[in-house]
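Enquirer: Quick one: the structure is below, questions incoming.
The values are calculated or read from the model by the stated rules, or taken from the named source; none is laboratory data. Being a predicted model, the structure only gives us computed values, none of them experimental. Because the Cβ atoms are built from the backbone with ideal geometry, glycine has one as well, and the counts that use them run over all protein chains shown.
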């Protein structure tokens, strides 16, 4: 026997029934009487089948669920909550946390974080990353192109490709970590055409072009960004830094940057043991040449650089780092502090328009090229030399180019 009972407040119906000496009830989760009566009829039919042995209840099964499901369920069905879709914010945060453990250099990590920040601005922090397609990526490229850079010039395709490469690295990590399944949807992306930067030039070349007139402020800035210092200017700059009574480490570090072409980050990682006066070489620890592993390269030291290093080591405050401040001898110099010390030493002089330490790397490659040094040696000493960078100072190979043209028209 089975019957219906209605809850006095919610209005939901329950099916009540007796089986043997047991009185049981099961809610049917409806307030519609006609629907509840239909369930009641099915319940009574299933009770008769159970009493007649036409259906058999599994051991330990819930009687109400078993009868309501026509003998298909042994217990109440479990409601499985679908997993929350992976958001762009979550993927980026997880990726940056892994990379922060030392997988990449601090400067590179800062760049990647900035690239991903721009992506998050375009797509939104709550974007469902699994739905990403080429249309959304193309929209990001168009937004960044319209926005331009801080200097007012159009954002270069090189910068946009670097942003996309950082995002692709984050995406590929998500695939390896099991967060994503499909490949990065970058096929078919279109990047804007931009002008190639001017080749590296001397101060005299740049000042001559500016004096002719007709250049915009942006074009003038681009010219100064292509500046490289000749040997006389490097010596003058070193003399200026020495006269400014800047931090004692600054002058030998500037000298080493100009005479080896090492990056600022590589100079800051140097230890005293990396200087080998016996062979006249410097061991540079790299983080950019090979992905996923640290490499080294040896650069020959000029006699002038060796003499300046010996002078610095005579007053070195102690500790393993080659360059350190006198009041923090056990700590390596932080990149921002190094940059500020450099800019403060040049403030108010004819050198204050220099962008930073990277100009010494450009100057090193340009001076070697102008002297006719074999390109293979330049690439070896510089490390991670790109074809694009080679093209910017290739015009400084006068002897090789002159010999080549004379082979035809000599």
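Enquirer: Would you check if there is a residue in the stretch 108-117 being modelled with pLDDT under 90 and either farther than 15 Å from residue 166 by Cα or touching a helix residue (DSSP H, G or I) at 6+ places or on another chain (Cβ under 7 Å) (or both)?
Expert: Yes, that holds for at least one residue.
Enquirer: Scan 189, 237, 180, 215 and give me the residue that is part of a loop (DSSP other than H, G, I, E, B), crowded, with 18+ Cβ neighbours inside 10 Å and at pLDDT 85 or above.
Expert: On the way: 189 fails: crowded, with 18+ Cβ neighbours inside 10 Å; 237 fails: part of a loop (DSSP other than H, G, I, E, B); 215 fails: crowded, with 18+ Cβ neighbours inside 10 Å.
Among 189, 237, 180, 215, only 180 is part of a loop (DSSP other than H, G, I, E, B), crowded, with 18+ Cβ neighbours inside 10 Å and at pLDDT 85 or above.
Enquirer: What's the total number of residues in the stretch 328-338 that are at pLDDT 85 or above and either surrounded by fewer than 14 Cβ atoms within 10 Å (Cβ to Cβ) or within 18 Å of residue 227 (Cβ to Cβ) (or both)?
Expert: So in the stretch 328-338, the residues at pLDDT 85 or above come out as 338.
Now drop any that are not either surrounded by fewer than 14 Cβ atoms within 10 Å (Cβ to Cβ) or within 18 Å of residue 227 (Cβ to Cβ) (or both), which leaves none.
Final tally of qualifying residues: 0.
Enquirer: Sticking with this structure for a sec: Return yes when residue 311 is in a helix (DSSP H, G or I) and farther than 20 Å from residue 363 by Cα and no when it is not.
Expert: Values: in a helix (DSSP H, G or I): yes; farther than 20 Å from residue 363 by Cα: yes.
So residue 311 fits the description; yes.
Enquirer: I'd like the full set of residues that are surrounded by 13 or more Cβ atoms within 10 Å (Cβ to Cβ) and touching a strand residue (DSSP E or B) at 6+ places or on another chain (Cβ under 6 Å), limited to the stretch 284-308.
Expert: Residues satisfying the conditions are 284, 285, 286, 289, 295, 297, 298, 299, 300, 301.
Enquirer: Follow-up. Could you pull out the residue among 202, 194 that is farther than 30 Å from residue 318 by Cβ, surrounded by 14 or more Cβ atoms within 10 Å (Cβ to Cβ), touching a strand residue (DSSP E or B) at 6+ places or on another chain (Cβ under 8 Å) and not assigned by TED's automatic domain parsing to the domain that holds residue 320? Break it down into steps so the answer makes sense when it comes.
Expert: Details: 194 fails: touching a strand residue (DSSP E or B) at 6+ places or on another chain (Cβ under 8 Å).
That would be 202, the only listed residue that is farther than 30 Å from residue 318 by Cβ, surrounded by 14 or more Cβ atoms within 10 Å (Cβ to Cβ), touching a strand residue (DSSP E or B) at 6+ places or on another chain (Cβ under 8 Å) and not assigned by TED's automatic domain parsing to the domain that holds residue 320.
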